[in-house]
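This report concerns only the one structure given below.
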Amino acid sequence: MKLKDLAHSRTGDKGDIINISVIAFDEKNYQTLQKLVTATSVKKFLGEMVLGEVIRYELPNLGAMNFVIHKALRGGVTRSLRLDKHGKTLSSYLLEMPLEIKN
Amino acid sequence: MKKTIRIGSGAGYSGDRIEPAMDLIQKGDLDYIVFECLAERTIALAQLQKMQNKELGYDPLLGDRMKACLPLCISKKVKLISNMGAANPIAAAKKTAKIASELGLKSIKIAAVFGDDVQSLLDFETQTLLESGESLSVLDDKIISANAYLGVEGILSALTDGADIILTGRVADPALFLAPIIHEFSWSLGNYPLLGKGTALGHLMECAGQVCGGYFADGAKKQVPDLANLGFPIAEINKEGSFFITKLKDSGGMVTPATCKEQLLYEVHDPSEYLTPNVIADFSSISFKEIEKDKVEVSGASGKPLTGKLKVSVGYHDGYMADTQISYGGSYALERAKLAIEIIKERIQSIDFDVEDILFDLIGVDSLFKEKIANMPPTEVRLRVAAKTKDRKEAVQLVNEVETLYTNGPAAGGGVSKTVTEIVAIQSVLIDKNRVTPIVEYFES
């Protein structure tokens, strides 16, 4: 199973920092997501694409989490050499993260 | 006092579609329409334009939007608030007054709200850049503009003085929505929980179509109807700060808890501390409830007192960007594109280019994601070389190097494109709020 099977996502940017939301399609899967999609696992999955730390904020009311990722855009939208200067496509990448769910 | 007011969002960025706003004004039973058109860097570019011609420096689509929307706003008694003033709200207001007169609309009161230009208040000795932690002095002679994010105060004065159209420079995006709510319901500027609710409304609305299913469809699980005719959102709020988001019935898109959740977290860091000039809004306890099709009730937003500091966007010259591309197709397309990269790297070294930073992308292979998701050989590859240089000359030289791959590089490279652009970058500093005074001037048609 992949993250895209349980959640949807959108990237936002401010300077060289992006946030990627992870929102459960069904709120009853929130706890599973909370267990498997951590700051550490997200940082590992994004690999060399992001250089800075990853911070996770939890929104149980919404069945959602917000990942704030530093040094993610080679300098930010106004000066980045990246094709996708906003990092908007990184939400699609994160949704490909494999989830190991034990039955 | 009205029991509820209805605010439409007419634009989510400078180049947004115009017809959805016209539909909203005509059929949305609105009290206000807000156009958010000023991205982080836009004001620095506008400042450059103003330096060349002091009658310019406002949003390039202002004329088109006003011609389309002003007559409707006047006939439907909808007030218009926008940051289309950019670097020159006075020129924007004069231009709008002229358009109103040409359209035969008389006695329209137009307010220009400014005071956000704080370039003369910058202090190179003490201020540090929030992004890099370096002293502001590193940007010294390269600075183009410095604009503080103003709060609701200037817009409130203009509303109290009966303005029909309000054109601002840099203000915090949610303030464009929060100001008319405070005005209509006489909210106190010290009632932070209420300001937090109005800020949540503003934040959900400021990207227009994005809360109505724009930027949401994923081509599989998340289907959105009729995106070609995407409707823009309407928020209806009462004096207690309870509100819902909806859209016109005959418009495309959809408003659901899921579209609202994605937009709520868009460009947010800590959801319990969304910093604005008037309140630290707390979105952490918000919940969404679908009360009818395409009508979502929002509850649980709150707010706390603020820091007394305003964020200032500093625009500066940051050299040039070269961007150049060439395509390879068929068998060994990827091998030839990689060979091309090696050639360019060697050429840069042997010619001794002064390149500050360089990036090689293989579009279709690794331009978006550096690590592969699936292991598939591509049948077409586009090499992109993007580089940053101090001088235009080097940037031009670099894009020409890629072009020489036509006759000097691997077989069958095609469709070279080359662009060189001057970079205007943005970083931020903080300034004490009490040093920044909003100014309002009025013009009439």
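Mind checking whether some residue in segment B:354-368 is of a type outside the set (Asp, Glu), modelled with pLDDT under 90 and touching a Pro at 6+ places or on another chain (Cβ under 8 Å)? For segment B:354-368, residues of a type outside the set (Asp, Glu), modelled with pLDDT under 90 and touching a Pro at 6+ places or on another chain (Cβ under 8 Å): present. The residue list B:ILE363, B:ILE326, B:ILE348, B:ILE343 contains one member that is under 14 Å from B:VAL399 (Cα atoms) and in contact with a strand residue (DSSP E or B) (Cβ under 6 Å, 6 or more places away or on another chain), which is B:ILE326. Residue count for segment B:51-82 under the criterion of being more than 19 Å from the chain's Cα centre (by Cα) and in a loop (DSSP other than H, G, I, E, B): the result is 6.
Of all residues being among the small types (Gly, Ala, Ser) and within 14 Å of chain A (Cβ to nearest Cβ) in segment B:26-45, which is farthest from B:ILE234 (Cα to Cα)? Just the residue, please. So the residue we want is B:ALA44. Of the residues examined, B:LEU48 is one that is more than 11 Å from the chain's Cα centre (by Cα) and over 19 Å from B:ASN229 (Cα atoms).
Within segment B:316-330, how many residues turn out to be outside any strand (DSSP E or B) and within 26 Å of the chain's Cα centre (by Cα)?
Qualifying residue count for the region: 0.
Among the residues of segment B:260-280, the ones that are within 10 Å of chain A (Cβ to nearest Cβ) and among the hydroxyl-bearing types (Ser, Thr, Tyr) come to 2 in all.
Among the residues of segment B:429-442, those that are surrounded by 17 or more Cβ atoms within 10 Å (Cβ to Cβ), part of a strand (DSSP E or B) and touching a Lys or Arg at 6+ places or on another chain (Cβ under 9 Å) comprise B:VAL429, B:ILE431. Under the condition of being more than 8 Å from chain B (Cβ to nearest Cβ) and within 21 Å of A:LYS102 (Cα to Cα), the residues counted in segment A:5-35 number 15.
Exactly one residue out of B:GLU267, B:GLU290 is more than 30 Å from A:ILE17 (Cβ to Cβ) and not aliphatic (A, V, I, L, M): that is B:GLU290. For segment B:98-211, the strands (runs of 3 or more DSSP E) that sit wholly inside it and include 2 or more residues that are within 26 Å of the chain's Cα centre (by Cα), over 17 Å from B:GLY8 (Cα atoms) and modelled with pLDDT of 95 or more are B:109-114, B:143-148. A search for C-beta distances below 6 Å between a residue of segment B:395-413 that is in contact (Cβ under 8 Å) with a residue 60 or more places away in the chain and any residue that is part of a loop (DSSP other than H, G, I, E, B) and surrounded by 14 or more Cβ atoms within 10 Å (Cβ to Cβ), counting only pairs 6+ apart in sequence or on different chains, returns B:LEU405/B:GLY413. In segment B:414-423, is there at least one residue being over 27 Å from the mean Cα position of the chain (by Cα), modelled with pLDDT under 90 and either assigned to a loop (DSSP other than H, G, I, E, B) or within 30 Å of B:GLY154 (Cβ to Cβ) (or both)? Taking every residue of segment B:414-423 in turn, none turns out to be over 27 Å from the mean Cα position of the chain (by Cα), modelled with pLDDT under 90 and either assigned to a loop (DSSP other than H, G, I, E, B) or within 30 Å of B:GLY154 (Cβ to Cβ) (or both).
Restricting attention to segment A:44-94, the residues that are part of a loop (DSSP other than H, G, I, E, B) and either farther than 23 Å from B:ILE358 by Cα or more than 8 Å from every other protein chain (Cβ to nearest Cβ) (or both) total 14. From the list B:GLU335, B:GLU342, the one residue that fits, being at pLDDT below 95, surrounded by fewer than 22 Cβ atoms within 10 Å (Cβ to Cβ), more than 36 Å from the chain's Cα centre (by Cα) and among the acidic types (Asp, Glu), is B:GLU335.
Only one of the numbered conditions (1) touching a residue at least 24 places away in the same chain (Cβ under 8 Å); (2) over 19 Å from the mean Cα position of the chain (by Cα); (3) within 24 Å of B:ILE43 (Cβ to Cβ) is violated by B:ALA235, and that is (3). Cβ separations smaller than 6 Å between residues 6+ apart or across chains give the following pairs from segment B:111-126 residues that are closer than 24 Å to B:VAL440 by Cβ to residues that are in a strand (DSSP E or B) and among the acidic types (Asp, Glu): B:ALA112/B:GLU441.
The values are calculated or read from the model by the stated rules, or taken from the named source; none is laboratory data. Everything numeric here is computed off the predicted structure, so don't read it as measured data. No Cβ is skipped: glycine too gets one built from the backbone with ideal geometry, and neighbour counts run over all protein chains shown.
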